[in-house]
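> My questions all concern the structure below.
The values are calculated or read from the model by the stated rules, or taken from the named source; none is laboratory data. Keep in mind that this is a model prediction, so the values were computed, not measured. When we count neighbours, we look across all protein chains shown, and the Cβ atoms used for this are built from the backbone with ideal geometry, even at glycine. Areas reflect the complete protein model, heavy atoms only, side chains present, ligands, DNA and RNA absent. Shrake-Rupley method; radii C 1.70, N 1.55, O 1.52, S 1.80 Å.
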Amino acid sequence: MERILGRENTGWMLIGAAALVLIACAMVVVAFGMESVAPGVHDAFHDFRHVIGMPCH
Amino acid sequence: MSLTFGFKDGIMAGAVGGVLWGLVSMAVNSATGVFTPEAGLVHDTVSFALGGVLFGAVAGGFLGAGGRAIPFRNVYARAVFTSTLVWMLLRVGGAMLSAIEPERYHVLTPETVQGLLLSALLGAMVAGVWSFWKGTAGENGNTLKA
């Protein structure tokens, strides 16, 4: 079923957009292994980062 | 002008496709031997699945929300374009980090090429899940079925 942009859907769209932004931020943290943001993320996703071609040590 | 946004469906289809893509990526890397894994199989299975969820959800979310901003009418072409674009943006960020901190971030061409091809594969897999779930019909360049 198509959802047309309107007042009744704006709230859900904002929630969806916020969720997408949060997931995108998490993706960036994982992709670059930002230890300062999430301790342990570098080691946890080290192999994944190399396999998808992101720069690492 | 009416706009149809499929945030939720895009994220869901992307997450499912992303899990599959993560596991396939691990298998592809084993076949190519581009990078020798340093962690165990169980650890990598979990991390690749989780990483795949994130990448797939982002690609699927933008695919669902993209509307006319994404060229092409075919959902596979749209998904491959979106996922490759996301990967390229990250890769540009990685290149900048490498330029700033070269001793910390090393760029390896074989891994980069593999990553680019895998990002295209991610798009294909997300579109596959999307098509399986929603069907390829229903997009007109402005809207995607939500």
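> Report, by residue number, each residue of region B:2-12 that is buried (at least 22 other Cβ atoms within 10 Å of the Cβ) and over 18 Å from the mean Cα position of the chain (by Cα).
B:5
> For region B:40-52, give me each residue that is more than 7 Å from chain A (Cβ to nearest Cβ) and either surrounded by fewer than 23 Cβ atoms within 10 Å (Cβ to Cβ) or farther than 16 Å from residue B:124 by Cα (or both).
Selection gives B:40, B:41, B:42, B:43, B:45, B:46, B:49, B:50.
> What are the residues in region A:33-57 that are modelled with pLDDT under 90, open to solvent by less than 30 Å² (accessible area, probe 1.4 Å) and either under 27 Å from residue B:12 (Cβ atoms) or of a type in the set (Gly, Ala, Ser) (or both), if any?
The one that is modelled with pLDDT under 90, open to solvent by less than 30 Å² (accessible area, probe 1.4 Å) and either under 27 Å from residue B:12 (Cβ atoms) or of a type in the set (Gly, Ala, Ser) (or both): A:33.
> For region B:25-39, indicate whether the set of residues that are open to solvent by 20 Å² or more (accessible area, probe 1.4 Å), touching a Phe, Trp or Tyr at 6+ places or on another chain (Cβ under 6 Å) and farther than 22 Å from residue A:25 by Cα is non-empty.
yes
> In addition: Scan region B:68-80 residue by residue and report those that are part of a helix (DSSP H, G or I) and surrounded by 19 or more Cβ atoms within 10 Å (Cβ to Cβ).
Across region B:68-80, the qualifying residues are B:75, B:78, B:79, B:80.
> Another question about this same structure. Answer yes if at least one residue in region B:133-145 is part of a helix (DSSP H, G or I), at pLDDT 85 or above and not polar (S, T, N, Q), and no otherwise.
Within region B:133-145, none of the residues are part of a helix (DSSP H, G or I), at pLDDT 85 or above and not polar (S, T, N, Q).
> Further question on the same structure: How many residues does region B:13-22 hold that are within 11 Å of chain A (Cβ to nearest Cβ) and either out of contact with any Phe, Trp or Tyr (no Cβ under 6 Å at 6 or more places or on another chain) or open to solvent by 70 Å² or more (accessible area, probe 1.4 Å) (or both)?
3
> Quick one: what pairs do we get from region A:14-29, first residue of a type outside the set (A, V, I, L, M, F, W, C), second part of a helix (DSSP H, G or I), C-beta under 9 Å, 6+ apart or different chains?
Here the result reads A:16/B:7; A:16/B:8; A:16/B:10; A:16/B:11; A:16/B:61; A:16/B:64; A:16/B:65, each pair linking region A:14-29 to a residue that is part of a helix (DSSP H, G or I).
> Quick one: which of B:25, B:83 is in a helix (DSSP H, G or I), modelled with pLDDT of 90 or more and within 9 Å of chain A (Cβ to nearest Cβ)?
B:25
> When region B:86-134 is examined, which residues are found to be farther than 17 Å from residue B:35 by Cβ and among the polar types (S, T, N, Q)?
Residue satisfying the conditions is B:131 alone.
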